[in-house]
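A.B. asks: Pasting a structure here, questions to come.
The values are calculated or read from the model by the stated rules, or taken from the named source; none is laboratory data. Just so you know, these numbers come straight off a predicted model, no measurement behind them. Every residue, glycine among them, receives a Cβ derived from its backbone with ideal geometry; neighbour counts consider all protein chains shown. Remember, those area values only see protein heavy atoms, side chains included, never the ligands or the DNA or RNA. Shrake-Rupley method; radii C 1.70, N 1.55, O 1.52, S 1.80 Å.
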Amino acid sequence: MLNELLAIERGLAASKMMLAAERHSDVKSVGRTRVVIVRLATTGGVSSVGIAPDDLVPNLWTLRDGQHNSFPAVQLRLKSIAPEPSTEQNHAGIDILAAKFHALPWSPTWVGKSLRSRLGERAAQLRSLADDSFTAAVPAVIDRFLLASEDPGELLRGIAVAVLREVQSGVAEWMRAGHEVLTLGGTFYFDTDAGEFPRNVADPRQIGPVSVALAGSASAGPKGRCALTGLEGSLTVQFPQPNLPIVGQTYLFSKNPDLPSAGRYGRAGTDGIAIGIDTVGKLRSALDTIMEPHREGKTWRSIPGEKPKQSDLMIAFVEGVPDAPVAELLATRNDLDDQEEEEREDAEGEFERRTERLMQAVEAERGVDFRKTPVNVCVLRKVDPGNHKIVCHQAITVDRLYAAVQDWLAGERNIPSWIAMPVLVKGKNTLRLCSPPHLAPLQVPKLSRTAYFRGGKGSTELAGLAASDVFHIFLGHDGFGVQAARALHLLISRYGVLLSGSGHALRAFDMDRAKQFDRRAALTAVTLFGILLHKMQRDGETYMKGAGFKLGQFLSVADKVHLGYCADMRGGATPPTLLGNAVVSMAQTRPAMALDLVCRRWKPYGGWLRQPRAREKAAKFLSDAEKLLTADRNSREGRELRALGMAIRTAISQAQRSAELCRELQEIGLADYPVDDVFRAELLLGYVAGLEPKSRGEDADDNEGNHDDA
């Protein structure tokens with residue numbers, strides 16, 4: 001992790017960007033918890049207490065040796081002595097609670113000798129801060145706490161009295177906070193009286209001067225050469241442990257002596273690597289700067305990991321232009337939910353516009369050579385509470401990123417343009433015809449985790465593609481073709497039954513059965529197949545003329561012919577599986593046998609197609625439906641008759657158009673055709689797509705007529 005942080009620090013330094021105050025490794029964050037600020041008078045007594053505002057707590061700092069000797073944030077843990085009061089509880093109840101609180105056997109050791117001894121050392125280290133009125137509050141509060149904690153029990157009683165005074169004042173926010181402090185303890189943050197000094201102890205601007213003072217006092221520490229920079233100087237004896245979004249408290253470096261491989265040479269902890277104090281401060285400062293809250297979505301954001309319920313932290317920035325929104329470009333969620341009010345083209349266009357804005361921002365800052373500007377991307381994962389790792393680190397150029405985006409978009413368009421499915425609009429009982437969605441690259445790990453079974457009706461979560469694998473595919477690194485082939489194999493195994501099931505269900509009259517399939521996920525799989533086929537040099541102009549795609553189209557035609565036959569001869573009653581869908585699974589391993597089986601079962605449907613009565617029946621159904629729907633546009637009988645009539649007309653039209661398709665399949669010859677994952681993906685795309693609808697002005701009987709009723 002240290003090497004990646006050094007790259008971030010140098011990138012920000014190249015940006016001439018003002019970094020956050022450099023933190024000494026002993027300066028930690030308090031964490032996200034309720035904090036009670038305790039103000040100490042010059043005599044050491046408690047003058048007042050207050051609840052730290054929620055927006056202040058994440059910025060509070062404290063000095064701590066690992067997990068020990070924390071100050072000015074000091075924790076107290078008690079066992080609960082009373083149930084939580086309601087906001088309607090009267091002061092008599094609070095007085096009873098106070099009586100129980102005062103009756104506790106106070107332990108004088110909540111402020112231990114170790115903390116007082118360490119604070120004595122801190123006071124000496126930070127004595128120089130007393131010379132500046134803006135920093136003088138820090139050594140002052142240490143002196144006052146040492147004075148007050150000579151009798152820890154009396155100090156705690158003083159805090160309790162001040163808390164009870166606030167509770168009894170009737171302020172609503174103190175009802176819960178006061179109860180927690182009186183019964184469970186909490187985090188106390190010691191400070192000087194408000195307004196006594198120009199700058200309070202809790203002010204985050206104290207971090208810089210405190211860190212400088214601590215670093216200056218370390219001149220007597222160990223000397224050596226920094227392993228990262230090669231500079232001579234004082235070496236750190238404590239690495240920072242910042243509390244980062246998404247992954248929590250993070251050890252920048254750790255080496256546990258209990259691990260045989262780590263302790264083989266007897267060099268654990270900071271003895272395992274020599275890093276300068278100045279270097280550690282700069283690394284921590286760079287991390288704090290790049291992770292500032294207002295940069296979320298620009299330089300950092302949460303991304304899904306490859307395991308269920310796993311989220312990683314992505315850091316991404318352009319050197320020299322650190323606020324360029326790279327993270328938004330790579331991982332923005334942009335699926336069918338976002339496209340319910342906009343078309344797919346708009347989503348793709350927004351992806352391109354984000355890329356153009358990024359390029360323009362870099363060009364404005366870097367000038368004519370902006371395309372060679374480095375871009376750093378790394379993904380940080382919490383493996384376990386004490387083990388955080390960089391699982392992916394990429395250093396590319398803006399030019400390479402732009403080319404990767406254009407290639408990704410070409411992959412998204414590498415699918416039949418007419419594929420669409422009716423999708424239920426969230427929060428509404430209406431359907432909207434949607435095309436396969438645009439996907440940002442780092443959405444893929446999460447999407448690859450879902451595996452479908454029971455013909456596509458059920459699903460479960462498994463480990464999916466890693467972010468590093470997706471980056472290899474996205475950026476086109478060496479060996480990306482192998483990675484794309486592996487990804488395609490995984491996605492076929494997980495989404496294959498969903499695609500075949502969704503395509504089949506759309507051609508059935510039982511719309512309740514059709515709704516059992518996740519059409520959003522099916523459309524997403526279509527996009528993923530298009531991208532991966534493009535990465536494997538199988539563009540649409542090529543694969544749509546191939547055996548796999550054409551066989552899938554033929555099986556789609558077989559379904560529609562079977563459906564039209566059922567509409568006429570069986571009054572709309574259909575079997576659980578239509579003719580083409582019955583052999584989709586077989587076609588993925590033995591295509592010639594699947595085609596032969598369909599042809600052998602074709603005879604009754606072929607005979608039906610040649611009968612004039614089929615067209616007559618379709619015309620009657622449609623005529624009767626028009627009359628019913630003219631009288632009542634919501635007529636259920638009218639909609640059913642229209643669906644039956646359109647199914648018959650579609651079957652006749654599709655069968656006529658499939659003659660050329662059959663000849664092409666015979667010329668290709670499926671008996672010796674190589675069957676691999678590319679073939680399977682193309683077959684599934686052909687099955688979902690079916691024949692391309694005829695353009696306006698042509699006989700459009702072959703267009704499916706059940707989308708509106710799905």
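A.B. asks: With θ set to phi - 60°, apply the Karplus curve 6.51 cos²θ - 1.76 cosθ + 1.60 along the range 464-474 and write out the HN-Hα couplings as whole Hz, x wherever there is a Gly or Pro.
C.D. replies: Ordered by residue, 3J(HN,Hα) equals x, 6, 7, 4, 5, 5, 5, 4, 4, 5, 4 Hz.
A.B. asks: Would you mind working out the magnitude of the charge dipole of the range 367-526 relative to its Cα centre, with +1 at each Lys and Arg C-beta and -1 at each Asp and Glu C-beta, to the nearest 20 Debye?
C.D. replies: Details: 21 positive and 11 negative charges, 115 e Å.
It comes to approximately 560 debye.
A.B. asks: Rounded, prolate or oblate: which fits the range 492-573, taking a ≥ b ≥ c as square roots of the Cα gyration tensor eigenvalues, rounded meaning a/c under 1.5, else prolate when a/b beats b/c? All intermediate terms of the calculation are to be shown ahead of the outcome.
C.D. replies: Numbers: a/c = 3.72, a/b = 1.62, b/c = 2.30.
It comes out oblate by the Cα gyration axes.
A.B. asks: Could you go through the range 478-494 in sequence order and give the Karplus-derived ³J(HN,Hα) for each residue, using 6.51 cos²θ - 1.76 cosθ + 1.60 with θ = phi - 60°, rounded to whole Hz, and x for Gly and Pro?
C.D. replies: Once θ is set to phi - 60°, the couplings for the range 478-494 become 3, x, 5, x, 5, 4, 5, 5, 5, 5, 4, 4, 4, 5, 5, 5, 9 Hz.
A.B. asks: Once phi is turned into θ = phi - 60°, what whole-Hz ³J(HN,Hα) does the Karplus curve with 6.51, -1.76 and 1.60 give for every residue of the range 516-527, x standing for Gly and Pro?
C.D. replies: Taking θ as phi minus 60°, the curve returns 6, 9, 7, 5, 4, 5, 4, 5, 4, 4, 4, 4 Hz for the range 516-527.
A.B. asks: So how do 129-138, 435-444 stack up, highest first, on mean other-Cβ count within 10 Å?
C.D. replies: Values: 129-138: 17.3, 435-444: 23.0.
Averaged packing, sorted descending, gives the order 435-444, 129-138.
A.B. asks: Still on this structure: Kindly report the accessible area of the chain per residue (heavy atoms of protein chains, probe 1.4 Å, no ligands, DNA or RNA), in Å². All intermediate terms of the calculation are to be shown ahead of the outcome.
C.D. replies: Values: 31870 Å² over 710 residues.
For the chain, the per-residue accessible area is 45 Å².
A.B. asks: To the nearest 20 debye, what charge dipole does the range 603-679 have about its Cα centre, counting +1 at the Cβ of each Lys and Arg and -1 at the Cβ of each Asp and Glu? Please report the intermediate quantities before stating the final value.
C.D. replies: Values: 14 positive and 12 negative charges, 148 e Å.
Result for the range 603-679 is approximately 720 debye, rounded to the nearest 20.
A.B. asks: What is the Å³ per residue value for the convex hull set by the Cα atoms of the range 594-645? Show your work: numbers first, answer last.
C.D. replies: On the way: hull volume 4.3 nm³, N = 52.
So the per-residue Cα hull volume is 83 Å³.
A.B. asks: Only bridges whose two residues both fall in the chain count here: according to DSSP, what percent of them are antiparallel, nearest 5?
C.D. replies: On the way: 51 of 59 bridges.
The antiparallel proportion sits near 85 percent.
A.B. asks: Hey, another quick one. Quote the relative contact order of the chain in percent (integer), defining contacts as alpha-carbon pairs under 8 Å separated by 6+ residues.
C.D. replies: On the way: 1186 pairs, mean separation 79.1, N = 710.
Relative contact order comes out at 11 percent.
A.B. asks: Calculate how steeply helix 547-569 sits against the longest principal axis of the alpha-carbon atoms of the chain, using the helix alpha-carbon long axis, and give the answer as 0 to 90 degrees to the nearest 10.
C.D. replies: So the inclination is approximately 70 degrees.
A.B. asks: Here is a follow-up. Along the positive direction of the dipole of the chain (beta-carbon charges: Lys, Arg +1; Asp, Glu -1; about the Cα centre), which of 650, 285, 364 reaches farthest?
C.D. replies: The Cα lying farthest towards the positive end belongs to 650.
A.B. asks: For residue 298, go through the lysines and keep the ones whose alpha-carbon is under 24 Å away, minus same-chain ones fewer than eight residues off.
C.D. replies: 16, 282, 309, 372, 382, 389, 446
A.B. asks: Using the charge dipole of the chain (Lys, Arg: +1 at Cβ; Asp, Glu: -1 at Cβ; taken about the Cα centre), state which of 324, 314, 623 has its Cα farthest towards the positive end.
C.D. replies: Result: 623.
A.B. asks: Return the whole-Å distance between the Cα centroid of the range 29-52 and the Cα centroid of the range 161-226.
C.D. replies: About 6 Å separates the Cα centre of the range 29-52 from the one of the range 161-226.
A.B. asks: Now for a separate question. Any lysines with Cα under 18 Å of the residue 457 Cα? List them, leaving off those in the same chain fewer than 8 positions away.
C.D. replies: The reachable lysines, counting only those whose Cα sits under 18 Å from residue 457, are 515.
A.B. asks: Round to the nearest 10 and give me the degree value, 0 to 90, for the angle of helix 137-148's Cα axis relative to the longest principal axis of the chain.
C.D. replies: Here the helix axis deviates by roughly 70 degrees.
A.B. asks: Suppose every Lys and Arg Cβ carries +1 and every Asp and Glu Cβ carries -1, with no other charges. What dipole size does the chain come out with about its Cα centre, to the nearest 20 debye? It would help to have the intermediate numbers written out before the result.
C.D. replies: On the way: 87 positive and 88 negative charges, 372 e Å.
Dipole about the Cα centre, nearest 20: 1780 debye.
A.B. asks: In addition: Starting from the Cα gyration tensor of the range 118-166, take the square roots of the eigenvalues, sort them a ≥ b ≥ c, and report rounded, prolate or oblate (rounded when a/c is under 1.5, otherwise prolate if a/b is larger than b/c, else oblate). Walk me through the intermediate numbers first.
C.D. replies: Working: a/c = 4.63, a/b = 1.85, b/c = 2.50.
In terms of gyration-tensor shape, oblate.
A.B. asks: Summing -39500 (n - 2.57) over the DSSP H runs of n ≥ 4 in the chain and dividing by its residue number, what mean residue ellipticity at 222 nm do you reach, to the nearest 500 deg cm²/dmol?
C.D. replies: Only helices count here, giving -14500 deg cm²/dmol.
A.B. asks: Something else about it: Using a cut-off of 27 Å between alpha-carbon atoms, which lysines can reach residue 620, once sequence neighbours fewer than 8 places away in the same chain are excluded?
C.D. replies: Qualifying lysines at Cα under 27 Å: 560, 603, 694.
A.B. asks: Something else about it: Name the long-range amide H neighbours of residue 275: under 5 Å, sequence gap of 5 or more, or other chain; modelled H, no Pro or chain starts.
C.D. replies: 227, 236
A.B. asks: Of 525, 460, 565, whose Cα points farthest to the positive end of the dipole of the range 413-566 (charges on the beta-carbon: +1 Lys, Arg; -1 Asp, Glu; origin at the Cα centre)?
C.D. replies: Ranked along the dipole, the leading option is 565.
A.B. asks: What residues have an amide H closer than 5 Å to that of residue 434, excluding those fewer than 5 places away on the same chain, when H is modeled at 1.01 Å from N in the peptide plane?
C.D. replies: The list, which skips near neighbours in sequence, is 421, 423.
A.B. asks: Then there's this: Hey, can you grab everything whose amide H is under 5 Å from the amide H of residue 48? Only 5+ residues off in sequence or another chain; H modelled, so Pro and N-termini drop out.
C.D. replies: 39
A.B. asks: Here's a follow-up. Could you work out, for the chain, what percent of all Cα-Cα pairs fall into each 20 Å distance bin, beginning at 0 Å and stopping at the bin that holds the largest distance?
C.D. replies: 15, 34, 27, 18, 6, 0
A.B. asks: Rounded, prolate or oblate for the range 163-254? Axes are the square roots of the Cα gyration tensor eigenvalues, ordered a ≥ b ≥ c, and the cut-off for rounded is a/c under 1.5.
C.D. replies: prolate
A.B. asks: Measure nothing fancy, just the Cα-based angle from helix 636-668's long axis to the longest principal axis of the chain, in degrees from 0 to 90, nearest 10.
C.D. replies: Between helix and principal axis, roughly 80 degrees.
A.B. asks: Now for a separate question. Given the alpha-carbon gyration tensor of the range 576-704, what are the semi-axes of its equivalent ellipsoid in whole angstrom, ordered largest first, with each equal to the square root of 5 times an eigenvalue? Can you show the working numbers first?
C.D. replies: Details: eigenvalues 221, 50, 40 Å².
Semi-axes, largest first: 33, 16, 14 Å.
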